[in-house]
Amino acid sequence: MSGVPELPEVETVRQGLERFVVGRSVADAQVLHPRAVRRDPAGPAGFAAAMAGRHLERARRRGKYLWITLDDDEALLAHLGMSGQMLVGDPERPLSPHVRARFTFTDGGADLRFTDQRTFGHLCLVPVKEGVPAPIAHIAPDPLEDAFDPAVFAARIARRRTGIKRALLDQSLISGVGNIYADEALWHARLHWARPTELLKPAEVSRLLAATREVLTDALRAGGTSFDSMYVNVNGESGYFGRSLEAYGREGEPCSRCATPIRRDTFMNRSAYSCPRCQPRPRHPHW
DNA sequence: TCCGGCACCTGTACGC
DNA sequence: TGCGTACAGGTGCCGG
C-alpha cells in the first residue's frame, strides 16, 4: 500500500496539477463512484455537468486540501484522504479499478484521474470567498504558508484544554499536520504528546512550531518528485517512505539521541510514538 | 463554544 | 489453509 498523503505529498501533487492540467479546459467529467463527490450538494450528475467546459486556472493548497480555481468565484476542491492519487496519462489507457472520477480535456491530451482505494478522499465544486474555498474557511493556515501567524497559534494553544498532540492534529489550530509528522515534531521538540496545552511554556510552543516546520520542510525537499513526462503519476509516493523517521513506527528501536527504546502508546484509537527519556510523561497528562 | 469519541473504508498482517 | 479480527489513517459530525 502506498503511504498516506501528508502535506509534502499533497504539495507535490499540487505542483503536478499546476504543470499538467492548469491552463487547460475540461471537455468531460465522469464520476465513477458517488462517494467521491459526497460533499458536493449537486451530486454525481450535477458535479459532472458543472465541471464540463470549465477552464482550470491555478492549483492551490492549504494543509492537505488542494483546489483548482475555475474563475474568481469557484474552485474544484479536493482532499486525497488516506489513499487518493491524481493520475495524469494517456486518455486511452485502461481504467484501473479504483478510479473514482475522470476528467478529459478539450485539447484531447492526457486525462486526469482521481483514484482512491479507500474512498476517504473527495472532490467538490465550491464557492471561493476571499481566496479560500468556503468548506475549508474554518481551517487554519498551514505552518509553511505566509498567512500562518505564530503569535495567533501560541495564543490559541494557551487557551486550549487538551493534549498537545491532539492540538497539533486539530486543523482549526494548524493545518497539514498528520499523525506521522505530529510524532516527529514532538520528538524533535522533546515534548511528550500528552503535555497539557495550557501548561506549555511559550518557549516550548515556539520550539514545537520550529520543529513542525523543520520536519515538513525536510519532507518537502526529500519528497519532491520530478515530472519528466506527462505520463507519470501526479502523486507523492516518494514522500516519507524515502526518509528515516525518528519516532513514528519505531517501537522498540533505540532513540537516535539517547538509545532508549521508542515507546508506542494508544492514542485516539491510534498510536503515539515517543522516546520515554527525551519526552518525559507530564505529571498531569491530557490523554 | 469547546472537547472527546466515533463513523467512514479497505488492504494488509497476524493469530487461531 | 482459511477464516476472523485488529489495525492504519484524516476529517466531519454529533453529543455532552
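Before moving on, here are some points about what is shown:
- Filtered residues of the stretch A:80-94 (kept if in contact with a Pro (Cβ under 9 Å, 6 or more places away or on another chain) and either over 26 Å from residue A:170 (Cα atoms) or in a strand (DSSP E or B) (or both)): A:84, A:85
- Screening residue A:45 on (1) more than 16 Å from DNA strand B (Cβ to nearest atom); (2) under 22 Å from the mean Cα position of the chain (by Cα) shows it passes everything except condition (2).
- Selection status of residue A:23, surrounded by fewer than 20 Cβ atoms within 10 Å (Cβ to Cβ), away from DNA strand B (no atom under 16 Å from the Cβ), touching a residue at least 12 places away in the same chain (Cβ under 8 Å) and assigned to a loop (DSSP other than H, G, I, E, B): yes
- Meets criteria (among the small types (Gly, Ala, Ser), touching a residue at least 12 places away in the same chain (Cβ under 8 Å) and in contact with a Pro (Cβ under 9 Å, 6 or more places away or on another chain)) for residue A:140: no
- On inspection, residue A:102 qualifies as among the charged types (D, E, K, R), modelled with pLDDT of 90 or more, assigned to a strand (DSSP E or B) and under 23 Å from residue A:27 (Cα atoms).
- Of residues in the stretch A:26-58 being of a type in the set (Asp, Glu) and either in contact (Cβ under 8 Å) with a residue 40 or more places away in the chain or not in a loop (DSSP other than H, G, I, E, B) (or both), the one farthest from residue A:95 (Cα to Cα): A:40
- Residue in the stretch A:37-51 that is within 12 Å of DNA strand C (Cβ to nearest atom), surrounded by fewer than 20 Cβ atoms within 10 Å (Cβ to Cβ) and of a type in the set (Lys, Arg) present: yes
- The single condition among (1) closer than 19 Å to residue A:103 by Cα; (2) touching a residue at least 40 places away in the same chain (Cβ under 8 Å) that residue A:61 does not meet is (1).
- Residue match in the stretch A:144-152 (condition: within 16 Å of DNA strand B (Cβ to nearest atom), assigned to a helix (DSSP H, G or I) and at pLDDT below 95): yes
- Given (1) farther than 20 Å from residue A:69 by Cα; (2) in contact (Cβ under 8 Å) with a residue 60 or more places away in the chain, index of the condition residue A:145 fails: (1)
- Hits in the stretch A:116-131 - residues which are within 22 Å of residue A:48 (Cα to Cα) and either in a strand (DSSP E or B) or touching a strand residue (DSSP E or B) at 6+ places or on another chain (Cβ under 6 Å) (or both): A:116, A:121, A:122, A:123, A:124, A:125, A:126, A:127, A:128
- The set of residues in the stretch A:114-126 being over 16 Å from residue A:58 (Cβ atoms) and either away from DNA strand B (no atom under 16 Å from the Cβ) or not β-branched (Val, Ile, Thr) (or both) consists of A:114, A:116, A:117, A:118, A:120, A:121, A:122, A:123, A:124.
- Consider the stretch A:153-185 and keep the residues that are assigned to a helix (DSSP H, G or I) and more than 13 Å from DNA strand B (Cβ to nearest atom). The one that is farthest from the chain's Cα centre (by Cα) is A:154.
- Checked against (1) farther than 24 Å from residue A:86 by Cβ; (2) in contact (Cβ under 8 Å) with a residue 24 or more places away in the chain; (3) crowded, with 16+ Cβ neighbours inside 10 Å, residue A:199 passes all but condition (3).
- If you go through the stretch A:98-145 and keep only what is of a type in the set (S, T, N, Q) and crowded, with 22+ Cβ neighbours inside 10 Å, you end up with just A:115.
- Residue within the stretch A:19-26 that is in contact with a His (Cβ under 8 Å, 6 or more places away or on another chain) and among the polar types (S, T, N, Q) present: yes
Yes/no per residue for (1) farther than 17 Å from residue A:6 by Cα; (2) away from DNA strand C (no atom under 13 Å from the Cβ):
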| residue | (1), (2) |
| --- | --- |
| A:158 | yes, yes |
| A:161 | yes, no |
| A:185 | no, no |
| A:203 | yes, yes |
| A:208 | yes, yes |
| A:217 | no, yes |
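The values are calculated or read from the model by the stated rules, or taken from the named source; none is laboratory data. Every value quoted in this text rests on a predicted model; they were computed, and no experiment measured them. Note that each Cβ is placed from the backbone with ideal geometry, even for glycine, and that neighbours are counted across all protein chains shown.
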